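What follows is a single structure, written as structure tokens, with notes after it.
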Amino acid sequence: MKIVSLCHVILAVYAIYVGWEIYIRNNVQLFKSRKSDQQENRLTKSVSKHTELQKQTFTPMKMLTKLIKKDKTAMTVLTLLYAAIALYQLGSFSAPQKDWKPKLAQESFYVDFNHIASINRIMWYGGIGDGDFQIEQSSDTIQWKPVTTISLNGGTIFQWKQSTVSFSAQFVKITVVKPGASLYELAFMSDLQKEPVFITKQIPLNMGNDSMAQAQNLFNEPGTVPHQPSFMNSMYFDEIYQARTAFEHLHSMEPYETTHPPLGKVLISMGIAMFGMNPFGWRIVGTLFGIAMIPLMYLFAKKLFGKSEYGFIAAFLLASDFMHFTQTRIATIDVYGVFFIMMMYYFMYKYYVLSLSRAPLKTALISLSLSGLFFGIGAACKWIDLYAGAGLAVILGLVLYEKYKEYRHTTLLLTTQAKHKSNTSAIRQTQTLAHSFPPLLWKTICTAFVMFALVPVVIYTLSYIPFLRVPGPGHDLSAILSFQKFMYNYHSHLVATHPFASSWWEWPIIRKPIWYYGQVSLSPDQVSSIVAMGNPAIWRPGILAVFAAFYICVKMKEKWMMVVLIGLAAEYVPWVGVPRLTFIYHFFATVPFMILCITYVIKYAHEHLKLRAKWIYIYLGTVLLMFIMFYPVLSGAVINKNYVSHFLKWSSSWTFF
């Protein structure tokens, strides 16, 4: 109470002083101008400081982002080297193209080898549909002995399968037990020769001429029969869903996989249209997108950090990351979602810099529009791009908030200048700044609404054109709306288990990689595997780099880096609350932002902490060494099992065979 009373006394004395100055000495103007001058000086300094900070932060960065000859050379060489590695043994160009799809059970025919043949293996290549075929053998076409039953379903689609058998016979009978499956090729193999045993005749037993004519397709492409089934000639992992659906989109068939939007599968179908329904055809487009991510990362990092060296470091890290390599060589849709996330953030960063460096509004809005365009394309590929869109909204909000602060400062300054009849040119300059905000705000909001709402809806709807072309009822706009509800319910209520499932906190530490493929037809001391995981030299240091990047960003007041950090949070944080089954490949969209954080920390350490270049080279060399060491289990190469067990299996939770 004593302190409060003292404050009251001081205020009372000050009130008497003010009253004396105003009413006795008539010093109203002097009193007001003194206060207003101080306010005007503070506002002027504030606006000047704000403008100067923008110039220091954005103008030099913008000037340094122009590509020079060194950039083009480094970017081209790195991209070509990566492309050579990514395209090597991507998949076979050859696969059976003509099938037999019987409609009736008990249809049968037999083949004649024209001699007694020793059969050790039966190989077949199945297509769409479920069905069973019984195989029998005979030496006289009178007594038939069962050999095996071939079963086809969604899990065996577009894959070479084989059964180990042992019999000698001149005749083999094929009987339809359960119709409905497409069988493309059938081969009887003998260890005495590499090629399938030659068939001289096909004799119908219980089938019409038309069906028999189609059944001849089973043996008309012997050149496509591989020595052993492998990833090179067959689908693996989720290719059986997404590459299959791409084939169905291409031929206006009912799509099998409807838990994701169609555009990613439409992009896969472009490769099938160009190269045929074979492993290379259904994988090539995704791999090309993966290759394109290398120069894109270079450009993004160069624009962020202003120097060619940092552009190369970021692109090199992405090219050496295991997840990027594996996910872009398999015919699934993740690569398209991640590519378009990188594109939308690249252009959003351009908009961020242009807006805060007083570039023409039209130029800034072009970058904003391109960001929205790629957001729409990405969302039509996979819903993870919707998470990225939330981050873009935050960045746009930050830009408008910065503009609003500038508007507020200039409005106050304008009011003060007008009251005291400041210099006319200064008033006009301030008026220009103040009056520019309202139209800027409305033009930006309108552009954002069109490019981030209307255009994506149009793109998303157009991506369903292959579905709308499917003959028959149930392929209209109302069905498209039903699909959206189905997709949401599927992903939000999925209850399932999987031996390679992992939670969000396990991904950065690479606790449980996911085993995509393992070849079974190898000698016991050999292994051929494809595993999705991260490069330990990138992911594990990347955890610390993210926190360090946030600290440095705040300390150095480099607001532009918030674009990267917001992008990372938008793609990773939502998974914390996802209750459904998740896998390590869901971290794929976060990896490019984590790599940019690593590059940012390297930049800070080199420029401010005087980190010597040799330590950066040592780190990059370690990253490359890790890629070379693990390359066999990322690419499906056949290697000695002891190498995998002793050098690559760092944890009991890592499965490679």
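Can you give the local net charge around A74? Use residues other than it whose beta-carbon is closer than 12 angstrom to its beta-carbon, Lys and Arg +1, Asp and Glu -1.
Local net charge: +3.
Roughly what angle does helix 279-305 make with the longest principal axis of the chain, taking Cα atoms, 0 to 90 degrees, to the nearest 10?
Computed tilt is about 20 degrees.
Taking square-rooted eigenvalues a ≥ b ≥ c of the alpha carbon gyration tensor, is region 480-588 rounded, prolate or oblate, where a/c under 1.5 means rounded and, failing that, a/b exceeding b/c means prolate?
The shape class here is oblate.
Let a ≥ b ≥ c be the square roots of the eigenvalues of the Cα gyration tensor of region 211-270; is it rounded (a/c under 1.5), or, if not, prolate (a/b larger than b/c) or oblate?
It comes out oblate by the Cα gyration axes.
Using only the alpha-carbon atoms, how far is helix 424-449 inclined from the longest principal axis of the chain? Give it as 0 to 90 degrees, nearest 10.
For helix 424-449, the angle is close to 20 degrees.
Here are several values of log10 I(q)/I(0) by the Debye sum over Cα atoms at q = 0.07, 0.10 Å⁻¹: (i) -0.60, -1.00; (ii) -0.53, -0.98; (iii) -0.83, -1.07. Which one was derived from the coordinates shown?
(i)
Pairs of alpha-carbon atoms within less than 8 angstrom and 6+ residues apart define the contacts here; what relative contact order does region 108-224 have, in percent?
39 percent.
Treating cross-link reach as a plain straight distance, find the aspartates and glutamates whose alpha-carbon is under 19 Å from the alpha-carbon of K403, omitting any fewer than eight places away in the same chain.
Straight-distance partners of K403: E52, E558.
Exceeding 18 Å between C-alpha atoms, which entries from my cross-link table qualify? They are K70/K610; K307/K350; K70/K559; K69/K303.
K70/K610; K70/K559
From Cα pairs below 8 angstrom and at least 6 apart in sequence, can you work out the relative contact order of region 238-330, rounded to a whole percent?
Once divided by the residue count of region 238-330, the mean separation gives 22 percent.
What FRET efficiency comes out for T200 versus I628 if R0 is 41 angstrom and r is the Cβ-Cβ distance? Round to the nearest 0.05.
0.20
When the chain is fully extended, how far beyond the present Cα-Cα distance does E506 get from E254, taking 0.36 nm per residue of separation?
Additional length available on full extension: 87.0 nm.
Looking only at region 202-222, which residues have a backbone nitrogen under 14 Å from a spot 7 Å from the Cα of Q106 in the C-beta direction?
Those under the cut-off are 205-208.
With a cap of 10 neighbouring Cβ atoms within 10 Å, and only residues DSSP puts in a loop, list the trypsin sites (Lys or Arg not before Pro) found in region 543-583.
K557
Hey, with R₀ at 25 Å, roughly what FRET efficiency would L468 and A273 work out to, going by the Cβ-Cβ distance, to 0.05?
Calculated value: 0.85.
At 7 Å along Cα-to-Cβ for each site, give me the label-to-label distance between H646 and Y88 in nm.
For the pair H646/Y88, the computed spacing is 2.4 nm.
Using Cα pairs under 8 angstrom and six or more residues apart, how large is the relative contact order of the chain, in percent? Spell out each step's value before the answer.
Numbers: 1053 pairs, mean separation 89.8, N = 657.
Here the relative contact order equals 14 percent.
Helix-derived [θ] at 222 nm for the chain: sum -39500 (n - 2.57) over DSSP H runs of at least 4, divide by residue count, nearest 500? Mind dumping the intermediate values first?
Details: 20 runs with 357 residues, N = 657.
Using -39500 (n - 2.57) per qualifying helix, the result is -18500 deg cm²/dmol.
Does region 204-329 classify as rounded, prolate or oblate by the C-alpha gyration tensor (a ≥ b ≥ c root eigenvalues; a/c under 1.5 gives rounded; else a/b over b/c gives prolate, otherwise oblate)?
Note, shape of region 204-329 comes out prolate.
To the nearest 20 Debye, how big is the dipole of the chain about its Cα centre, given +1 on the beta carbon of each Lys and Arg and -1 on that of each Asp and Glu?
For the chain, the charge dipole is close to 4160 debye.
Toward the positive end of the charge dipole of region 108-224, about the Cα centre and with charges on Cβ (Lys, Arg +1; Asp, Glu -1), which of P196, S139, N120 goes farthest?
Checking the options against the dipole of region 108-224, the answer is N120.
Read-outs throughout are calculated quantities, based only on the coordinates presented, and are distinct from any laboratory measurement. This one's a predicted model, so the numbers in the text were calculated from it and none came from an experiment. Here the Cβ is made from the backbone with ideal geometry for all residues, glycine too, and neighbour counts use every protein chain on show.
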